[in-house]
C-alpha cells in the first residue's frame, strides 16, 4: 500500500492535550466541591461547548451557581497555562518529520476552536508547521 495523504486529529494523537482538559475540569469543579468523573467526561467529550458546558453544570448540580460563560472564561484561563506544557504524543514528531521528508501531503482536522488550537500548537510549532493545512471548528487556517 502506498500512502498518498495523511489527515491527523490533533488532541490526543499529535499532542497530549486530553489530560489538560480533564485537569481543568477537575480544578473547576473542585471549587464547587464536585468531582469530575470518567463517566462525566464520557458524556461531554466530543460535544461542542455550547452543549457540553450546560450539560456538565447541570449534571453536577451547579447550573444555578455559575453560568456557562463564566465557567468557560475560567476554564480557558486554566487551559491557556496548561497548554504551554503539553507534550507531543510518542512518535508524533518523528512521524510528521518523516512524512514531510517523503513529501506526503498532511493536514490536521480538529474540532477545536481556532484560538485554543493556536495556543496548543505554539510549543510544537517547529514540527507542526510542517503540516500545511489545518482545519479547525471555527475557521480554516493555512500556514
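The values are calculated or read from the model by the stated rules, or taken from the named source; none is laboratory data. In this text, all values refer to a predicted model and were calculated from it rather than measured experimentally. A quick note on method: Cβ atoms are made from the backbone with ideal geometry, for glycine too, and the neighbour counts reach across all protein chains shown.
Starting from segment 132-143, keep only residues that are modelled with pLDDT of 75 or more, then list their pairs with residues that are surrounded by 11 or more Cβ atoms within 10 Å (Cβ to Cβ) whose Cβ atoms are within a distance under 6 Å, requiring at least 6 positions of separation or different chains.
Close Cβ pairs (under 6 Å, with a partner that is surrounded by 11 or more Cβ atoms within 10 Å (Cβ to Cβ)) amount to 133/107; 134/108; 134/141; 135/109; 136/110; 136/112; 136/114; 136/117.
Return only the number of the condition from (1) under 25 Å from residue 4 (Cβ atoms); (2) in contact (Cβ under 8 Å) with a residue 40 or more places away in the chain that residue 100 does not satisfy.
Residue 100 satisfies every listed condition except (2).
Name the residues in segment 1-41 that are more than 30 Å from residue 61 (Cβ to Cβ) and out of contact with any strand residue (DSSP E or B) (no Cβ under 7 Å at 6 or more places or on another chain), would you?
1, 2, 3, 4, 5, 13, 16
Cβ-Cβ below 6 Å, separation at least six or inter-chain, first residue in segment 55-70 and in the same structural domain as residue 40 (by TED's automatic domain parsing), second not in a helix (DSSP H, G or I): which pairs?
Once the first residue is in the same structural domain as residue 40 (by TED's automatic domain parsing) and sits in segment 55-70, its partners that are not in a helix (DSSP H, G or I) give 57/63; 60/34; 62/32.
Yes/no matrix, rows are residues, columns are (1) at pLDDT 90 or above; (2) more than 13 Å from the chain's Cα centre (by Cα):
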residue	(1), (2)
1	no, yes
45	no, no
59	yes, yes
65	yes, yes
